[in-house]
Amino acid sequence: MNVLSEKLLGGKQGAVGLAILALLLFVVFPLWLDLFRLGLLGKYVTYAFVAISLVLLWGNGGILSLGQGMFFGLGGYCMAMFLKLEASDPVSTKIQSTPGIPDFMDWNQLTAIPFFWQPFKSLPLTLLLVLLVPTTLAFIIGFAMFKRRVGGVYFAIITQAIALILSILIVGQQGYTGGVNGITDLKTMLGWDIRTDSAKYILYFTNAGLLIGCMLLARYILTSKFGMLLLAMRDKEERVRFSGYDVSNFKIFIFCVAAMISAIGGAMFTLQIGFMSPSFVGIVPSIEMVIFAAVGGRMSLIGAVYGTLLVNFGKTMFSETYPELWLFLMGGLFIAVVMFFPDGLAGVYQKYADKFNLGGLAAKYFSKFTQWVPKNSGGKL
Amino acid sequence: MSNTDFVLAIEDLTVSFDGFKAVDALSMYIDNNELRVVIGPNGAGKTTVLDLICGKTKSTSGSIKFKNKELTKLSEHEIVRAGVGRKFQTPSIYENLTVYQNLEVSYPVGRTVWGSLTFKRTAALSEQVRKIAAEVLLTEFLQMEAALLSHGQKQWLEIGMLLMQDPELLMLDEPVAGMSAKERDQTAELLNRICKNRSVLVIEHDMEFVKKIAHKVTVLHQGKILAEGSMDKVQLDEKVIEVYLGH
């Protein structure tokens, strides 16, 4: 049990970091922010899923994917398709020429629900597909690329091209996908109205809980031998191959895990914001996600989450006042981080934490805290 | 091709790069517990032979049999798993990991995706790491980041990483390049120790070093074998003196 908790939490220092993040997400922000701001935060937290997937893939594995947006988007679309079908019951769509199908299908002269929409009538099947569709796509891309030993900048460019193709495909197939507007007017999930205040709170907490869960999963992977192999492959891929490992399998696996984590973020985005559109699939969001991870620190799961939240709050504040300057600022920020703080915020923190021994202090208080937890709680916090 | 008692039997091996034959109808046999050194001028095809054996380069024709198992059809990791380890010319270690982790990564357990996720650090592993670290003189540096090691220590670490896998055939490409005289002596002792229960194939230029370790020497020239035999015999060979050793 001790070994497992060590693995999941990454030692005392890691546990402290995670506990602080959980405290912020579960207690401080919900008490401090009004529902509108909390909704924004919830949206940013969904991007943080992608940022931690990039910590696994890019920071630790050295595999830069410039197409994570497509997995986020696919997860979101799968969820949106379920919600859209539920919102398109014959009663509320009775003014359409074909009642009972989504409105955009009706506008595009479709008269029946296409076959690939059928599975999304069932919620369990939808939840499964939220995870499986993006992961399967990642497996196909990963298998085709990594078995042929395509890597580095070529892999980045190819993922970017695929993200672009996917977004163009979604825009082009308006009758099947809702086109450039995306899938909108989502209302209920199994009759539960997702637009009410209480639903927003519940979804926010579910989202935060899932993020912490994904971080624990990522922690487990990084602290296992697999995590060490990721670093080794990033350093000297040939040496790993000539130590008896089939490098491509490891890369395919981590690419699939990263896709799955991104997809969970996408599905939670749809639930909280109430729509999904191709603008979350293409190149721009994919690159923005990389910037979030880079600013926060591409080696640090916790850093990447803070990076995502900070950059997005910055974006909201600056783009309200200086909308035309924001993109330049974002570009400048990325260049500055790459040039001066290659390990991002987490790297800066680590530097000063070492200087003032913050980690030691935190661990000291943490051990006091764990002493204070009653013995019969089994050490669980 | 018939089976043999040799650990490694290379027969009629040829590789051609756009018509240039880097290795040309080469045949070579290595015995159990033998330490063989391959020497030859630049461009003789020494490194290419190692690349062919470990699967980095695919042969055009011919056969490489390791314990009577054909290697030319296997992929790199399968060749390693069969029991062939290879050290590269420039030290090829994981600079961002500690010496201990470098050795741990090379431990031949948990080599699949699932195996590595569920891998448990056992007492046998730490014992093996410590044993090998002592062997390659790195015991005091186990917790040090590998990037901070000296050049010679990096070479030893890579040899140690191969020893972790306990290969039956160990191939070393210029193991003493860039080492001080003292380190060369220590490496010679190390190689003489580790070839006790395995076969070792070394590429080297330093003749003093070769004399200290070689059981048998193969001289390559333009992808072909020029001479083969004991160091003393090879040194007196007219052709070898002509193309490589000089008068």
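Looking only at segment B:50-60, filter to residues that are more than 12 Å from every other protein chain (Cβ to nearest Cβ) and buried (at least 22 other Cβ atoms within 10 Å of the Cβ); which one of those is nearest to residue A:238 (Cα to Cα)? Steps first, please.
Filtering segment B:50-60 down to residues more than 12 Å from every other protein chain (Cβ to nearest Cβ) leaves B:52, B:57-60.
Keeping just the survivors that are buried (at least 22 other Cβ atoms within 10 Å of the Cβ) gives B:52, B:59.
Details: B:52: 15, B:59: 19 Å.
By that ranking, first place goes to B:52.
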message: Take the residues in segment A:27-55 that are over 12 Å from residue A:207 (Cα atoms) and among the small types (Gly, Ala, Ser); name whichever of them is surrounded by the most Cβ atoms within 10 Å (Cβ to Cβ).
response: A:51
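Applying the selection to segment B:16-67, what residues are polar (S, T, N, Q), over 16 Å from the mean Cα position of the chain (by Cα) and modelled with pLDDT of 90 or more? Break it down stepwise before answering.
Just the residues of segment B:16-67 that are polar (S, T, N, Q), to begin with: B:16, B:27, B:32-33, B:42, B:47-48, B:57, B:59-61, B:63.
When the remaining residues are screened for being over 16 Å from the mean Cα position of the chain (by Cα), the result is B:16, B:27, B:42, B:59-61, B:63.
Residues satisfying the conditions are B:16, B:27, B:59, B:60, B:61, B:63.
Could you check segment A:83-100 and list, in sequence order, the residues that are surrounded by 15 or more Cβ atoms within 10 Å (Cβ to Cβ) and either more than 30 Å from the chain's Cα centre (by Cα) or touching a residue at least 40 places away in the same chain (Cβ under 8 Å) (or both)?
Correct list: A:83, A:84, A:86, A:87, A:93, A:96, A:100.
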query: Does residue B:119 satisfy the criteria of being touching a helix residue (DSSP H, G or I) at 6+ places or on another chain (Cβ under 8 Å), free of Cβ contacts under 8 Å to residues at least 24 places away in the same chain and either polar (S, T, N, Q) or within 11 Å of chain A (Cβ to nearest Cβ) (or both)?
result: yes
Options B:160, B:152: the member that is more than 14 Å from chain A (Cβ to nearest Cβ), part of a helix (DSSP H, G or I), of a type outside the set (Lys, Arg) and crowded, with 20+ Cβ neighbours inside 10 Å: B:152
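For segment B:134-149, which positions are in a helix (DSSP H, G or I) and either of a type in the set (Ser, Thr, Tyr) or surrounded by 21 or more Cβ atoms within 10 Å (Cβ to Cβ) (or both)?
So in segment B:134-149, the residues in a helix (DSSP H, G or I) come out as B:134-135, B:139-141, B:146-148.
Once the filter is applied, which keeps residues that are in a helix (DSSP H, G or I) and either of a type in the set (Ser, Thr, Tyr) or surrounded by 21 or more Cβ atoms within 10 Å (Cβ to Cβ) (or both), segment B:134-149 yields B:139, B:146.
Specify the residue that is farthest from residue B:174 (Cα to Cα); the eligible residues are those in segment B:84-98 that are under 12 Å from the mean Cα position of the chain (by Cα) and crowded, with 20+ Cβ neighbours inside 10 Å. Spell out the reasoning first.
From segment B:84-98, those under 12 Å from the mean Cα position of the chain (by Cα) are B:84-89; that's our starting set.
Checking the rest, the ones that are also crowded, with 20+ Cβ neighbours inside 10 Å come to B:84-88.
Details: B:84: 17, B:85: 14, B:86: 11, B:87: 9, B:88: 8 Å.
Result: B:84.
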message: Can you pull out every residue in segment B:63-83 that is among the small types (Gly, Ala, Ser) and buried (at least 19 other Cβ atoms within 10 Å of the Cβ)?
response: B:83
message: List the helices (runs of 4 or more DSSP H) inside segment A:211-287, counting only whole elements, that have at least 2 residues being in contact (Cβ under 8 Å) with a residue 60 or more places away in the chain and within 14 Å of chain B (Cβ to nearest Cβ).
response: A:225-235, A:247-273
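Check A:269, A:226 and return the single one that is closer than 20 Å to residue A:47 by Cβ and crowded, with 21+ Cβ neighbours inside 10 Å. Even if it seems obvious, please write down each step before you answer.
On the way: A:226 fails: closer than 20 Å to residue A:47 by Cβ.
On inspection, the qualifying residue turns out to be A:269.
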field: Scope segment B:30-76; condition acidic (Asp, Glu) and under 30 Å from residue A:148 (Cβ atoms); matching residues
entry: B:51, B:70, B:76
- prompt: Which members of segment B:94-111 meet the condition of being part of a loop (DSSP other than H, G, I, E, B), at the interface with another protein chain (Cβ under 7 Å from one of its Cβ atoms) and of a type outside the set (D, E, K, R)?
  reply: B:94, B:96, B:97, B:106, B:108, B:110
task: Test residue B:82 against the criterion of being under 20 Å from residue B:225 (Cα atoms) and of a type outside the set (Asp, Glu), and give yes or no.
output: no
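Given the criterion closer than 27 Å to residue A:122 by Cα and among the β-branched types (Val, Ile, Thr), identify the matching residue among A:223, A:159, A:177.
Numbers: A:223 fails: closer than 27 Å to residue A:122 by Cα; A:159 fails: closer than 27 Å to residue A:122 by Cα.
Result of the check over A:223, A:159, A:177: A:177.
Only residues that are part of a helix (DSSP H, G or I) and free of Cβ contacts under 8 Å to residues at least 40 places away in the same chain: list them for segment A:14-65, please.
We begin by selecting, within segment A:14-65, every residue part of a helix (DSSP H, G or I); these are A:14-32, A:35-60.
The answer is A:20, A:23, A:24, A:27, A:28, A:29, A:31, A:32, A:36, A:37.
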Filter pass, residue B:235 being surrounded by fewer than 18 Cβ atoms within 10 Å (Cβ to Cβ), at pLDDT 90 or above and of a type in the set (S, T, N, Q): no
Candidate set from segment B:61-90 (those that are part of a strand (DSSP E or B) and touching a residue at least 60 places away in the same chain (Cβ under 8 Å)); member that is farthest from the other protein chains (Cβ to nearest Cβ): B:63
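The values are calculated or read from the model by the stated rules, or taken from the named source; none is laboratory data. These figures come from a predicted structure and were not determined experimentally. Counting neighbours? That spans all protein chains shown, and the Cβs are built from the backbone with ideal geometry, glycine included.
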